[in-house]
Amino acid sequence: MEIREYLALAPAVPVLTIVDVADAVPLARALIAGGLRVLEITLRTPSALESIRRIAQELPEAVVAAGTVLSSGDQERAARAGARFAFSPGLLDFMLEEGPVPVIAGVATPSEAMRARERGLTTLKFFPAVPAGGAGMLKAIHGPLPDLVFCPTGGIDSKNAAEFLALPNVACVGGSWVAPAKAVQAGDWNSITGLARAACAPAPVTP
Ligand code: 3PG
(Lines give C-alpha, C1' and ligand atoms only; values in the text may rest on other atoms or scores of the structure.)
Protein backbone atom coordinates (compact mmCIF):
# COMPACT_ATOMS: atom_id res chain seq x y z
CA MET A 1 0.00 0.00 0.00
CA GLU A 2 1.05 3.57 -0.63
CA ILE A 3 1.45 6.00 2.25
CA ARG A 4 -1.65 7.98 1.28
CA GLU A 5 -3.71 4.80 1.33
CA TYR A 6 -2.60 4.10 4.91
CA LEU A 7 -3.54 7.62 5.93
CA ALA A 8 -6.97 7.21 4.34
CA LEU A 9 -7.83 4.24 6.57
CA ALA A 10 -9.00 6.36 9.54
CA PRO A 11 -9.44 10.06 10.33
CA ALA A 12 -7.07 9.89 13.30
CA VAL A 13 -3.76 8.18 14.03
CA PRO A 14 -3.22 7.60 17.76
CA VAL A 15 0.28 8.67 18.82
CA LEU A 16 1.30 6.12 21.45
CA THR A 17 4.29 6.34 23.76
CA ILE A 18 4.20 2.95 25.43
CA VAL A 19 5.99 2.59 28.76
CA ASP A 20 4.94 -0.94 29.72
CA VAL A 21 5.15 -3.38 26.85
CA ALA A 22 2.33 -5.41 28.44
CA ASP A 23 -0.02 -2.53 27.54
CA ALA A 24 0.81 -2.64 23.83
CA VAL A 25 -1.63 -5.28 22.58
CA PRO A 26 -4.63 -4.42 24.82
CA LEU A 27 -4.18 -0.73 24.01
CA ALA A 28 -4.04 -1.42 20.28
CA ARG A 29 -7.04 -3.73 20.55
CA ALA A 30 -9.05 -1.02 22.34
CA LEU A 31 -8.23 1.55 19.66
CA ILE A 32 -9.03 -0.85 16.82
CA ALA A 33 -12.36 -1.68 18.49
CA GLY A 34 -13.14 2.04 18.34
CA GLY A 35 -12.28 2.22 14.62
CA LEU A 36 -8.65 3.42 14.68
CA ARG A 37 -6.40 0.83 13.10
CA VAL A 38 -3.43 2.95 12.00
CA LEU A 39 -1.28 3.31 15.11
CA GLU A 40 1.89 5.34 15.60
CA ILE A 41 4.22 3.92 18.26
CA THR A 42 6.84 6.52 19.10
CA LEU A 43 10.43 5.34 19.50
CA ARG A 44 10.75 7.22 22.77
CA THR A 45 10.71 4.39 25.27
CA PRO A 46 12.71 1.18 25.66
CA SER A 47 9.43 -0.71 25.06
CA ALA A 48 8.71 0.85 21.69
CA LEU A 49 10.22 -1.72 19.30
CA GLU A 50 8.90 -4.70 21.24
CA SER A 51 5.47 -3.02 21.32
CA ILE A 52 5.55 -2.64 17.52
CA ARG A 53 6.59 -6.27 17.20
CA ARG A 54 3.79 -7.59 19.41
CA ILE A 55 1.04 -5.50 17.84
CA ALA A 56 2.18 -6.36 14.31
CA GLN A 57 2.30 -10.07 15.14
CA GLU A 58 -0.83 -10.41 17.23
CA LEU A 59 -3.22 -7.98 15.55
CA PRO A 60 -3.16 -8.41 11.77
CA GLU A 61 -5.82 -5.72 11.30
CA ALA A 62 -3.49 -3.11 12.84
CA VAL A 63 -1.38 -0.94 10.57
CA VAL A 64 1.60 -0.14 12.75
CA ALA A 65 3.76 2.90 12.10
CA ALA A 66 6.85 3.91 14.04
CA GLY A 67 6.98 7.50 15.28
CA THR A 68 9.85 9.76 16.29
CA VAL A 69 12.10 8.23 13.63
CA LEU A 70 15.21 10.40 13.80
CA SER A 71 17.79 8.38 11.83
CA SER A 72 18.17 5.67 9.21
CA GLY A 73 19.02 3.34 12.11
CA ASP A 74 15.60 4.05 13.64
CA GLN A 75 14.02 3.42 10.25
CA GLU A 76 15.74 0.03 9.94
CA ARG A 77 14.91 -1.04 13.48
CA ALA A 78 11.27 -0.02 13.00
CA ALA A 79 11.04 -2.00 9.77
CA ARG A 80 12.59 -5.07 11.37
CA ALA A 81 10.07 -4.87 14.21
CA GLY A 82 7.18 -4.89 11.73
CA ALA A 83 6.29 -1.23 11.17
CA ARG A 84 4.77 -0.64 7.74
CA PHE A 85 5.79 3.01 7.60
CA ALA A 86 7.11 5.73 9.88
CA PHE A 87 6.67 9.32 10.96
CA SER A 88 9.42 11.80 11.72
CA PRO A 89 9.14 15.22 13.35
CA GLY A 90 11.48 16.63 10.67
CA LEU A 91 13.06 16.03 7.27
CA LEU A 92 16.53 14.50 6.79
CA ASP A 93 18.26 13.27 3.63
CA PHE A 94 17.87 9.56 4.38
CA MET A 95 14.10 9.96 3.99
CA LEU A 96 14.57 10.87 0.32
CA GLU A 97 16.13 7.54 -0.54
CA GLU A 98 14.45 4.19 -0.89
CA GLY A 99 14.50 2.68 2.61
CA PRO A 100 13.12 -0.41 4.30
CA VAL A 101 9.90 1.51 5.09
CA PRO A 102 8.67 4.88 3.84
CA VAL A 103 8.99 7.79 6.27
CA ILE A 104 6.48 10.64 6.42
CA ALA A 105 8.73 13.63 7.03
CA GLY A 106 7.67 16.48 9.28
CA VAL A 107 7.57 20.12 8.15
CA ALA A 108 6.37 23.27 9.89
CA THR A 109 6.79 26.10 7.35
CA PRO A 110 6.11 26.81 3.64
CA SER A 111 9.86 26.73 2.86
CA GLU A 112 10.25 23.31 4.46
CA ALA A 113 7.17 22.08 2.61
CA MET A 114 8.63 23.40 -0.68
CA ARG A 115 11.96 21.69 -0.04
CA ALA A 116 10.20 18.38 0.62
CA ARG A 117 8.05 18.83 -2.49
CA GLU A 118 11.08 19.63 -4.63
CA ARG A 119 12.51 16.25 -3.58
CA GLY A 120 9.34 14.39 -4.41
CA LEU A 121 7.79 14.13 -0.95
CA THR A 122 4.17 15.22 -1.27
CA THR A 123 2.66 13.46 1.78
CA LEU A 124 3.98 15.15 4.92
CA LYS A 125 3.47 15.47 8.63
CA PHE A 126 2.70 19.03 9.75
CA PHE A 127 4.46 19.28 13.10
CA PRO A 128 4.01 20.74 15.66
CA ALA A 129 0.60 21.51 14.20
CA VAL A 130 -0.98 23.87 16.71
CA PRO A 131 2.15 25.79 17.80
CA ALA A 132 3.20 26.11 14.12
CA GLY A 133 0.00 27.90 13.14
CA GLY A 134 -2.76 25.33 13.33
CA ALA A 135 -5.47 24.82 10.74
CA GLY A 136 -5.11 28.43 9.55
CA MET A 137 -1.51 27.77 8.53
CA LEU A 138 -2.41 24.60 6.63
CA LYS A 139 -5.27 26.37 4.88
CA ALA A 140 -2.87 29.10 3.77
CA ILE A 141 -0.30 26.55 2.54
CA HIS A 142 -2.95 24.86 0.37
CA GLY A 143 -3.20 27.96 -1.87
CA PRO A 144 0.32 27.89 -3.35
CA LEU A 145 1.02 24.19 -2.70
CA PRO A 146 -2.25 22.36 -3.50
CA ASP A 147 -0.55 19.06 -4.34
CA LEU A 148 0.72 18.56 -0.78
CA VAL A 149 -1.23 16.42 1.68
CA PHE A 150 -0.61 16.52 5.44
CA CYS A 151 -1.12 14.60 8.62
CA PRO A 152 -1.03 17.39 11.23
CA THR A 153 0.16 16.32 14.69
CA GLY A 154 0.99 18.15 17.89
CA GLY A 155 -1.66 19.82 20.04
CA ILE A 156 -4.63 18.17 18.33
CA ASP A 157 -7.51 16.90 20.44
CA SER A 158 -11.22 16.15 20.32
CA LYS A 159 -12.03 19.86 20.21
CA ASN A 160 -9.91 20.97 17.26
CA ALA A 161 -9.56 17.76 15.18
CA ALA A 162 -12.60 18.53 13.02
CA GLU A 163 -11.22 21.92 12.04
CA PHE A 164 -8.14 20.23 10.55
CA LEU A 165 -10.11 17.38 8.98
CA ALA A 166 -12.32 19.86 7.11
CA LEU A 167 -9.32 21.10 5.10
CA PRO A 168 -8.75 19.70 1.58
CA ASN A 169 -5.04 19.09 2.24
CA VAL A 170 -5.49 17.04 5.43
CA ALA A 171 -5.56 13.26 5.04
CA CYS A 172 -5.95 12.55 8.76
CA VAL A 173 -4.80 13.97 12.08
CA GLY A 174 -2.46 12.46 14.65
CA GLY A 175 -2.44 12.81 18.40
CA SER A 176 -2.11 11.32 21.84
CA TRP A 177 -5.50 12.49 23.12
CA VAL A 178 -7.20 9.18 22.27
CA ALA A 179 -4.93 7.26 24.66
CA PRO A 180 -4.44 9.34 27.82
CA ALA A 181 -1.58 8.06 29.99
CA LYS A 182 -3.88 7.77 33.03
CA ALA A 183 -6.35 5.52 31.20
CA VAL A 184 -3.50 3.37 29.89
CA GLN A 185 -1.98 3.01 33.37
CA ALA A 186 -5.40 2.10 34.79
CA GLY A 187 -6.03 -0.41 32.00
CA ASP A 188 -9.25 1.47 31.24
CA TRP A 189 -9.55 0.08 27.73
CA ASN A 190 -13.28 0.83 27.45
CA SER A 191 -12.76 4.54 27.82
CA ILE A 192 -10.01 4.41 25.20
CA THR A 193 -12.37 2.62 22.81
CA GLY A 194 -14.89 5.41 23.49
CA LEU A 195 -12.32 8.10 22.69
CA ALA A 196 -11.39 6.28 19.48
CA ARG A 197 -15.05 6.06 18.45
CA ALA A 198 -15.48 9.77 19.06
CA ALA A 199 -12.36 10.48 17.00
CA CYS A 200 -13.92 8.58 14.09
CA ALA A 201 -16.92 10.90 14.13
CA PRO A 202 -15.51 14.35 14.91
CA ALA A 203 -18.00 17.13 15.64
CA PRO A 204 -18.84 19.23 12.57
CA VAL A 205 -17.02 22.55 12.21
CA THR A 206 -19.26 25.55 12.82
CA PRO A 207 -18.52 28.32 10.32
C1 3PG B 1 4.11 13.99 19.49
O2 3PG B 1 5.10 14.07 18.81
O3 3PG B 1 4.13 13.82 20.71
C4 3PG B 1 2.83 14.01 18.74
O5 3PG B 1 2.84 15.02 17.81
C6 3PG B 1 1.63 14.03 19.60
O7 3PG B 1 1.40 15.29 20.07
P8 3PG B 1 0.22 15.49 21.11
O9 3PG B 1 0.62 14.80 22.38
O10 3PG B 1 0.13 16.99 21.27
O11 3PG B 1 -1.02 14.90 20.50
Of the candidates G133, G143, G194, which one comes out as most mobile in a Gaussian network treatment of the chain with C-alpha springs shorter than 10 Å? G143
Can you tell me which lysines have their Cα less than 19 Å from the Cα of K139? Leave out same-chain residues fewer than eight positions away. K125, K159
Loop only per DSSP, at most 16 neighbouring Cβ atoms within 10 Å: give me the GluC sites (Glu not before Pro) in region 1-63, ordered by residue number. E2, E61
Contact order normalised by length for region 9-101, with contacts defined as Cα pairs under 8 Å and 6 or more residues apart; what percent is it? 25
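Heavy atoms only, 1.4 Å probe, whole protein assembly: order C200, C151 by accessible area, highest first. If you can, show how the numbers build up before the last one.
Working: C200 50, C151 0 Å².
Putting C200, C151 in descending order of accessible area: C200, C151.
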Do you know the relative contact order of the chain, to the nearest whole percent, from alpha carbon pairs under 8 angstrom that are 6+ apart? 22
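Taking only DSSP H segments of four or more residues, each worth -39500 (n - 2.57), what value at 222 nm results for the chain once the sum is divided by all its residues, to the nearest 500 deg cm²/dmol? Before the final figure, lay out the partial values.
Working: 9 runs with 77 residues, N = 207.
One gets -10500 deg cm²/dmol as the mean residue ellipticity at 222 nm.
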Looking at region 65-153, which GluC sites (Glu not before Pro) are DSSP coil and have at most 10 other C-beta atoms within 10 Å of their C-beta? E97, E98
Loop trypsin sites (Lys or Arg not before Pro), region 122-195 (other Cβ atoms within 10 Å of the site Cβ: 11 or fewer; DSSP): K159
Among L124, A183, I104 the positive-end extreme of the charge dipole of region 86-207 (Cβ point charges): A183
Compute the distribution of all C-alpha to C-alpha distances in region 125-178, in bins of 5 Å from 0, and list the percent of pairs in each, rounded to whole numbers. 5, 24, 37, 24, 7, 3, 0
Please compute the Kirkwood hydrodynamic radius of region 3-200 from all pairs of different C-alpha atoms, in Å with one decimal. 16.5
Ordering T42, T122, T68, T17 by how much accessible area each has at a 1.4 Å probe, largest first, what is the list? T17, T122, T68, T42
Taking the full set of protein chains and a 1.4 angstrom probe, give the accessible area of R115 in square angstrom, rounded to the nearest 10. 130
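Accessible area per residue of region 1-125 at 1.4 Å probe, in Å²? Intermediate values should be presented prior to the final figure.
Details: 5440 Å² over 125 residues.
Per-residue value: 43 Å².
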Along each of its three principal axes, how wide is the spread of alpha-carbon positions in region 3-54, in whole angstrom units, largest first? 29, 22, 15
With the full set of protein chains in place, find how many percent of the accessible area of the chain is carbon and sulfur; take the probe as 1.4 Å. 54
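The values are calculated or read from the model by the stated rules, or taken from the named source; none is laboratory data. Because the structure is predicted, anything quoted here is derived from the model rather than measured. Note that each Cβ is placed from the backbone with ideal geometry, even for glycine, and that neighbours are counted across all protein chains shown. These accessible areas exclude ligands, DNA and RNA; they are computed on the full protein's heavy atoms, side chains included. Shrake-Rupley method; radii C 1.70, N 1.55, O 1.52, S 1.80 Å.
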